[in-house]
Every structure is written in structure tokens, then in C-alpha cells.
Amino acid sequence: MSWFEKTKAAIDASQKRTIGEGVFRRCEECGETLLAEEFTSNLEVCPKCGHHYHLSGEGWIELLTDPGSFEEHDAQLASGDPLEFKDGKRYRDRIKASQKKTGVTDAFLAGSATIDGRPVQIGTFLFRFMGGSMGSVVGEKITRMLERGAAQRQPVVLLSSSGGARMQEGLLSLMQMAKTVAALGRLREAGVPFISVLLDPTTGGVAASFALLGDVNIAEPRALIGFAGARVIEQTIRAKLPEGFQRAEFLLEHGMIDIISDRQGMRATIARVLSHLVD
């Protein structure tokens, strides 16, 4: 019997069941290598250095809302291709591929829920769908969510994580900036609070429209928040930008956001803000 055959025969059934378990992940921030389960159980935050990795939109809904309280709205909305856009691949084909890969129709999830028993309208970007880009469907879902908040006098909580406007929809995508801000204006006229939660990244047309217009703006630690990228800005103004430019801590220092909350404390932070803003 060869060495390989002996080794293979020596592996019993219990050992076979453990093969493949205990997958490791290396933190890109601190370099520590840990069991993948340690990241997952810690809400995708490095247990050693606190670096925040991306959490899915569904994960955010589960984290923030009361168990079983979330009811999705407008799930049937899906993007068309009015411009018949093509950039090496037809836009309609990109949409179909993204839907198949991600299991969602577009880049935004919206619905009604409660947070600590308080009714809210809540929505979150789904970054895995075309980088959370904002096209007509995303703009429509956000607008409807804000309108429900105004009609039902329920606070709106919106979590942003987006690369900005969806270029494949051209001007139709850019129009969503004005459309959502107009809906937000109507929410304000109704005297209903809007809490904006800025995740990494919140950039482009999303940052330039509703994301920084919250009655209270809350960000995660080190979240990238801004319109154009730092490299583009430096090339334009021909000057070196300050250390930490466009990170949440920089924006807090300069008065553009109000609170930085780590992921574990985000639910309590939002609940506390709601208790101050809602009668």
C-alpha cells in the first residue's frame, strides 16, 4: 500500500466532516488573520481593530428593526432600458445579469417596520446590485418611501451606500436627485423627521442630493462620503488634500454630519434620535 493510500485510509468519517471548516479571513486594515466566523458573528466588523466591512442591506434591516416587523414595499419595480444603452454590453443584459447574481430586482430595499416599537419607513441601498447606483427605480422607491412617511406621519430612516447616479440611464438617472430632494421637501413640510445613515461608500449623486440632508446625519466610522473622488479633486485643484479627507471623522469635525456610530451601537443610536425627534 502506498503512502497516499495509507494516509487516505487513516482519515475517519469524523475527520472528513471537519475538512473545510474553520475558513480564515485576513483583515485588510490591521493584518490580523481570524476565523471567518468571528467577522460574521461581529456584524462584519474586525474583532481586533474595529474595521467595518460591508454589511448587506438585508443585514441592516435585520439589525435595526424589531423582529418580524419589516414589510417590504414596491418590490415589483424593475429597471427598463428607455435609452437602449450599450457600453460593450446592453444595459438590459446588465440588469438581468445583476438580478440573477444578486437575487434582487434593483439597488434599493424599502418598507415599513418598527424600531423599539416606533413605526418608521426604512430603506437601504443594496450595494451588491451595480454598486448601489441610483437609477429610475431607486429614485422612485426612495420617493415613494418619503411620500409614505409624510402621508402616515412616520419618521424615515434611509441608509445610503452607493457609487452615485447610474450612468446607463443618463439624464433619467440625474433627474432622481431632484425628484428625491423634492419628496424630502414635502416630508419636511409635513413636519416628519428624516434620519440619514451614511455607510461606506456614499458618493456621487447620492451624496449630492438627499444623503446629507437628514435632520440628523449619522455615519459609520471611516465611511467614505463625498461627491467626486479625492484623486479627481486633487488633479482639478492641483493641491494635496488634508489627511482623512472625505472620511466620516473629517466630515464630523467640519460640521457635515452629526454623529459617528459603530455598527454595534447603530440601532440604539437611531432609537435615541427618534425618541428626541418624535412626540
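Brief remarks on what is shown
- Pick from the stretch 45-61, criterion of a type in the set (Gly, Ala, Ser) and farther than 16 Å from Glu29 by Cβ, ranking: farthest from the chain's Cα centre (by Cα): Gly59
- Among the residues of the stretch 93-135, those identified as assigned to a loop (DSSP other than H, G, I, E, B) and within 17 Å of Pro67 (Cβ to Cβ) are Asp116, Gly117.
- When the residues of the stretch 62-72 are filtered to those that are surrounded by fewer than 16 Cβ atoms within 10 Å (Cβ to Cβ) and free of Cβ contacts under 8 Å to residues at least 60 places away in the same chain, the one that is nearest to the chain's Cα centre (by Cα) is Glu62.
- Any pair with Cβ under 9 angstrom, 6 or more apart, that starts in the stretch 238-267 at a residue that is farther than 25 Å from Leu63 by Cα and ends at one that is in a helix (DSSP H, G or I) and of a type in the set (Gly, Ala, Ser): Leu241/Ala230; Phe245/Ala230; Gln246/Ala230
- Test: residue in the stretch 145-154 that is more than 17 Å from the chain's Cα centre (by Cα), in a helix (DSSP H, G or I) and surrounded by 24 or more Cβ atoms within 10 Å (Cβ to Cβ): yes
- Residues satisfying the stated conditions in the stretch 259-279, i.e. surrounded by 16 or more Cβ atoms within 10 Å (Cβ to Cβ) and more than 19 Å from Gly123 (Cβ to Cβ): Ile259, Ile260
- Scanning the stretch 74-89 finds no residues that are outside the structural domain of Gly103 (by TED's automatic domain parsing), within 20 Å of Phe125 (Cα to Cα) and either assigned to a loop (DSSP other than H, G, I, E, B) or among the small types (Gly, Ala, Ser) (or both).
- Boolean, Lys48 is closer than 27 Å to Ser173 by Cβ and surrounded by fewer than 16 Cβ atoms within 10 Å (Cβ to Cβ): no
Per-residue answers, yes or no, for (1) modelled with pLDDT under 95; (2) under 20 Å from Gly163 (Cβ atoms); (3) under 16 Å from the mean Cα position of the chain (by Cα):
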residue	(1), (2), (3)
Asn217	no, yes, yes
Ile233	yes, yes, no
Gly244	yes, no, no
Leu251	no, yes, no
Asp262	no, no, yes
Gly265	no, no, no
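- When Asp106, Asp116 are checked against the criterion of being modelled with pLDDT of 95 or more, charged (D, E, K, R) and surrounded by 21 or more Cβ atoms within 10 Å (Cβ to Cβ), Asp106 stands alone in meeting it.
Residue by residue, here is whether (1) surrounded by 16 or more Cβ atoms within 10 Å (Cβ to Cβ); (2) touching a helix residue (DSSP H, G or I) at 6+ places or on another chain (Cβ under 7 Å); (3) not assigned by TED's automatic domain parsing to the domain that holds Gly117 holds:
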position	(1), (2), (3)
Thr203	yes, no, no
Val216	yes, yes, no
Gly229	no, no, no
Ile237	no, no, no
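The values are calculated or read from the model by the stated rules, or taken from the named source; none is laboratory data. What you are looking at is a predicted structure, and each value in this text was computed from that prediction instead of being measured. Every residue, glycine as well, gets a Cβ built from its backbone with ideal geometry; the counts of neighbours run over all protein chains shown.
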